[in-house]
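> First the structure, then my questions, so here it is.
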Amino acid sequence: MQRKIHVLAFLLLATMSLSSPAVAQQSNAQSGIKIVYETPSNSKFTPIYERLKQRKVLEELQAFMAPLRLPREITVRVAQCGSENIPYKPQGPATVCYELIEKIERIAASHTKDNDLAQRVIIGGFVQALFHETALAVFDVLDVPIWGRKFDAADRLAAMVMMQFGDDIAITVMNGTQVLFAWSDQQWTGNTFAAEASPDWQRYFNYACIAFAANQPQFAFLLTNKLLPIFRAQQCANEYAQIRKAFDLRIMPHVDADLLIKVRTTPWLQWAQ
């Protein structure tokens, strides 16, 4: 349990912050990432707030995001929202809601008594949400053109970044994300298909496809266990190549290549011991 929480602490690096006199905040002059743990008004979220803050998960995010050089500061926060998600607004904070974290924990607890699997789902779901929200902020700051729905584009970027961790971390976060979407109790009928967000099962296959394309030997079980249809698996390499090309064209020019090498060689898993 303790080991898994420390993994979560590292991965929470990808989070951002909101300026508020009631919260602790810190800015990273190099990457332009400002982090904030917003104090929840509802005491039921206090344990989540304290756990994240004590383990300095957002500070670790700043270290991971150090190679990124942005024209203006991004604010990333964890906060009480009044709902599981709040829409990202231009020049606003990227937010992961305590309500969403609570939901992820609840879904995991209701579907399995296997503590390792439950923690993997919690870690994957939370990391996915962090990178998804961060991606929206990066699109905004860099004025990245989006063909299609921005929500789906953020998912694709999040999935690609998640696959840049070492193999052990990557399989933890990606497998946890996929299982979470597979366990989703989300119901889609009629007009709900007009929503901006894709159904959770669609998101499951999108993440599975990117994982399979990025590291086929490690994620071959998705195909052999029929968790990813053959007809979709055959297209995954092209999908991943499109994402990679867009990343290289629009985001890599804002990345310090030398620092990126250093970050990639950092033994992040030491924090998970």
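> Sorted from largest down, give the three principal axis spans of the alpha carbons of region 138-195, whole angstrom values.
Each principal axis gives a Cα extent; for region 138-195 these are 41, 35, 14 Å.
> Sequence gap at least 6, Cα distance under 8 Å: using those rules, report the relative contact order of the chain to the nearest whole percent.
Once divided by the residue count of the chain, the mean separation gives 19 percent.
> Something else: For Q218, what charge total do you get from the other residues with a beta carbon under 13 Å from its beta carbon, if Lys and Arg give +1 and Asp and Glu give -1?
It works out to a net charge of -2.
> Would you list which lysines come within 27 Å of K226, measuring only between C-alpha atoms, while excluding same-chain residues fewer than 8 positions from it?
Within the straight-line cut-off, K226 pairs with K113.
> Just want to confirm a number: the relative contact order over region 125-273, from Cα pairs under 8 angstrom separated by 6+ residues, in percent.
23
> Which of F193, M160, V141 sits closest to the plus end of the dipole of the chain, meaning its Cα is farthest towards the positive end, when Lys and Arg get +1 and Asp and Glu get -1 on the C-beta?
Farthest along the dipole direction, towards plus: M160.
> Separate question: HN-Hα J couplings of region 254-264 from phi, Karplus 6.51/-1.76/1.60, θ = phi - 60°, integer Hz, Gly and Pro as x?
Karplus-based 3J(HN,Hα) across region 254-264 equals 9, 10, 6, 4, 5, 5, 4, 4, 5, 5, 5 Hz.
> Here's another thing I want to ask about it. Work out, step by step, the length gained on full extension between R149 and A195: first 0.36 nm times the residue separation, then minus their alpha carbon distance; give nm to one decimal.
Full extension from R149 to A195 adds 15.5 nm.
> Give me, ordered by chain and number, the residues 5 or more places off I74 or on other chains with an amide H under 5 Å from its own placed amide H.
Those lying under 5 Å, H to H, from I74 are I33, K34.
> Just the number, please: percent antiparallel of the DSSP beta bridges in the chain, rounded to the nearest 5.
Close to 40 percent.
> Here's something else I'd like to know. Check which residues have an amide H placed less than 5 Å from C81's amide H, if you skip close sequence neighbours.
Y98, E99
Each value in this text was obtained by applying a stated rule to the coordinates, not by laboratory testing. Keep in mind it's a predicted model, so treat the numbers as computed, not measured. Ideal geometry is used to build each Cβ from the backbone, glycine not excepted, and the neighbour counts take in all protein chains shown.
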